[in-house]
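A.B. asks: Here it is, the structure in full.
The values are calculated or read from the model by the stated rules, or taken from the named source; none is laboratory data. Computed from a prediction, not measured in an experiment: that's the story for all the values here. Glycine also receives a Cβ, built like all others from the backbone with ideal geometry; neighbour counts cover every protein chain displayed. Accessible surface areas use protein heavy atoms only, side chains included; no ligands, DNA or RNA. Shrake-Rupley method; radii C 1.70, N 1.55, O 1.52, S 1.80 Å.
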Amino acid sequence: MSLNYIKNFYEGCLRPPTVIGQFHTLFFGSVRTFFLGVLGFAVYGNEALHFSCDPDKRELNLYCYNQFRPITPQVFWALQLVSVLVPGAVFHLYAACKNIDQEEILQRPMSTVFYIISVLLRIILEVLAFWLQSHLFGFLVDPIYMCDASALAKIFNISKCMVPEHFEKTIFLSAMYTFTIITILLCIAEIFEILFRRLGYLNQPVS
């Protein structure tokens, strides 16, 4: 792959062919990444260390924490961000290999269809992530978690565990749900922008 292909791929990822796509990539994507990387670590970074159960035994705390968190929120949201980026990255790789400039993407029927498909895939992945997040983490974080530790030892049975900073985690969960919803709405709006431009209602070029 020549340097020109790499340059076209890089520019395509940073500057999509739609105004809404540029807003989503340059502004909202950066805010979402910063929010997860900085505030996510502050809220969830030491959760496992401060998660304690009754009786306060290390093996019980670890067992119940793994039951409470089958997957850590930071890992889940990082996988969500990466998976959502994949359809767009594949499309821009295709455009780069075909030597299609960003200004020409929406002028070609075939590349327009492929781009719309990549946006639809982003919507599907965001909806799937929303559903998984609701099943894994719920919408509220309770201060008390009742852990079934009978498989670890019969003397433990049902153990009461304290969830640290549960209110902060509830706020953070709400923010991540909001980010997902906004991303879905932006993707839907981007599809309408593409259709309007194809129909001639938005003829001005993207700056």
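A.B. asks: Using a 1.4 angstrom probe with every protein chain in place, what is the largest-first accessible-area order of H166, H24?
C.D. replies: On the way: H166 65, H24 30 Å².
Sorted by accessible area, descending: H166, H24.
A.B. asks: Hey, another quick one. Keeping all protein chains in the complex and leaving out DNA, RNA and ligands, what accessible area do you get for M162 with a 1.4 Å probe, in Å² to the nearest 10?
C.D. replies: Roughly 100 Å² of M162 is accessible to a 1.4 Å probe.
A.B. asks: Would you count, across the chain, every pair of lysines whose alpha carbons are under 24 angstrom apart, provided the pair is eight or more residues apart or spans two chains?
C.D. replies: Eligible lysine pairs with Cα atoms under 24 Å apart amount to 4.
A.B. asks: Can you give me the accessible area per residue for the chain, using a 1.4 Å probe, in Å²?
C.D. replies: 57 Å²
A.B. asks: Write down Rg/Rh for segment 18-198, rounded to two decimals, with Rg from the C-alpha atoms and Rh from the Kirkwood relation over Cα pairs.
C.D. replies: 1.13
A.B. asks: If you line up the long axis of helix 73-97 against the longest principal axis of the chain, both from Cα atoms, how many degrees apart are they, to the nearest 10?
C.D. replies: 20 degrees
A.B. asks: OK, next. If you take the charge dipole of segment 18-198 about its Cα centre, with +1 on Lys and Arg Cβ and -1 on Asp and Glu Cβ, which of A95, V38, F137 is farthest toward its positive end?
C.D. replies: A95
A.B. asks: Taking all protein chains as present, what is the carbon and sulfur share of the accessible area of the chain, in % to the nearest whole number, probe 1.4 Å?
C.D. replies: Details: 8250 of 11830 Å².
Reported share for carbon and sulfur atoms: 70 percent.
A.B. asks: Return the calculated 222 nm mean residue ellipticity for the chain, to the nearest 500 deg cm²/dmol, obtained by summing -39500 (n - 2.57) across DSSP H runs with n ≥ 4 and dividing by the residue count.
C.D. replies: The helix-only estimate for the chain comes to -21000 deg cm²/dmol at 222 nm.
A.B. asks: On a 0 to 90 degree scale, rounded to 10, what angle separates helix 166-199 from the longest Cα axis of the chain?
C.D. replies: 20 degrees
A.B. asks: Here's something else I'd like to know. Considering only N157, I105, S118, whose Cα is most displaced toward the positive end of the charge dipole of the chain, charges sitting on Cβ of Lys, Arg (+1) and Asp, Glu (-1)?
C.D. replies: I105
A.B. asks: Quick one: Karplus J couplings for segment 121-130, per residue in order, coefficients 6.51, -1.76, 1.60, θ = phi - 60°, nearest Hz, x for Gly and Pro?
C.D. replies: Result, rounded to whole Hz: 5, 4, 4, 4, 5, 5, 5, 4, 5, 4.
A.B. asks: Follow-up. Once you charge only the Cβ atoms, +1 for Lys and Arg and -1 for Asp and Glu, what is the size of the charge dipole of the chain about its Cα centre, to the nearest 20 debye?
C.D. replies: 340 debye
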